[in-house]
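Below you'll find the structure, written out as structure tokens, and then a few comments.
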Amino acid sequence: MIELQDVEKIYRTDRIETVALANVNLEIEAGEFVSIMGPSGCGKSTLLNLMGLLDVPSEGYVRLAGESVESYSDRRLSRLRNQRIGFVFQTFHLIADLSVVANVEIPLLYRRMRGRERRQRALAALEQVGLSSRVHHFPSQLSGGQQQRVAIARAIVGEPDVLLADEPTGNLDSSMGDEVMAMLHDLNNRAGTTIVMVTHDERLAGRTGRTLRLFDGRQVN
């Protein structure tokens, strides 16, 4: 599903060169649930951004479902992200003055889809994460755990093949974090969604199928 070969990511300024990732080779199979661990600054989020086609490698290549994307235009990459990849972040990135259901509809606005179908799919996604009773609430009226559920509903409303989660439980207490993990496992087991999750929590990583560890931008396992 996702393949990285000989990937390096280097950030350059006039005075300094920072190697964020070096010689990364990995393959994520369809239907896997993989966690990425390592100390702060080791390249975890950079790796996730490359997988999600939000950034491009300095060297090497990224493939999604067998497609080599290095020659794709920004517009084509945007369309591929919208159709095949969902994102969940540590901060929820909900729009405060939009209702819950309107927040979930946002990814579908970039598709040629009628308003009624967008609304139906958003309501179905919210039902999937247990928030059918909160569709007309606003983010400020929800708990942190509920806001993350909305973010997950927004990530899955387009039925992506891949869900990329960057510290999805980082702003939650352990109980709410366990609820979010249960939802991710349900998506993985029931829908077969491929999930890659960045986490600092060994306990949560132990509940995934495989753990990739990074140190100073390099794989250590």
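Structure notes:
- Checking R84, R121, R111, R116 one by one, the residue that is of a type in the set (K, R), more than 19 Å from the chain's Cα centre (by Cα) and within 23 Å of V180 (Cβ to Cβ) is R121 and no other.
- Qualifying residue in region 136-150 (condition: touching a residue at least 12 places away in the same chain (Cβ under 8 Å), within 12 Å of the chain's Cα centre (by Cα) and surrounded by 21 or more Cβ atoms within 10 Å (Cβ to Cβ)): no
- Here G38 fulfils each of the conditions (1) touching a Phe, Trp or Tyr at 6+ places or on another chain (Cβ under 7 Å); (2) in contact (Cβ under 8 Å) with a residue 12 or more places away in the chain; (3) surrounded by fewer than 20 Cβ atoms within 10 Å (Cβ to Cβ) apart from (3).
- The residues of region 194-216 that are touching a helix residue (DSSP H, G or I) at 6+ places or on another chain (Cβ under 8 Å) and either free of Cβ contacts under 8 Å to residues at least 40 places away in the same chain or loosely packed, with under 14 Cβ neighbours inside 10 Å (or both), listed by number, are D201, R207.
- Given (1) surrounded by fewer than 19 Cβ atoms within 10 Å (Cβ to Cβ); (2) of a type in the set (F, W, Y); (3) at pLDDT 95 or above, number of the condition F33 does not satisfy: (1)
- Test: residue in region 98-111 that is at pLDDT 95 or above, outside any helix (DSSP H, G or I) and more than 28 Å from L48 (Cα to Cα): yes
- Top-ranked residue of region 1-27 - restricted to ones that are β-branched (V, I, T) and without any contact (Cβ under 8 Å) to a residue 60 or more places away in the chain, ranked as nearest to P57 (Cα to Cα): V7
- Of everything in region 168-187 that is crowded, with 20+ Cβ neighbours inside 10 Å and touching a strand residue (DSSP E or B) at 6+ places or on another chain (Cβ under 8 Å), the residue that is farthest from P139 (Cα to Cα) is L187.
- The set of residues in region 84-93 being surrounded by fewer than 20 Cβ atoms within 10 Å (Cβ to Cβ), at pLDDT 90 or above and either β-branched (V, I, T) or outside any helix (DSSP H, G or I) (or both) consists of H93 alone.
- Counting only residues that are buried (at least 18 other Cβ atoms within 10 Å of the Cβ) and either in contact with a Cys (Cβ under 7 Å, 6 or more places away or on another chain) or over 20 Å from E8 (Cα atoms) (or both), region 50-83 holds 1 of them.
- Flag if E117 is among the acidic types (D, E) and surrounded by fewer than 19 Cβ atoms within 10 Å (Cβ to Cβ): yes
The values are calculated or read from the model by the stated rules, or taken from the named source; none is laboratory data. Predicted model, so just to flag it, every value in this text is computed and none were measured. Here Cβ is always computed from backbone atoms with ideal geometry, including for glycine, and neighbour counts include all displayed protein chains.
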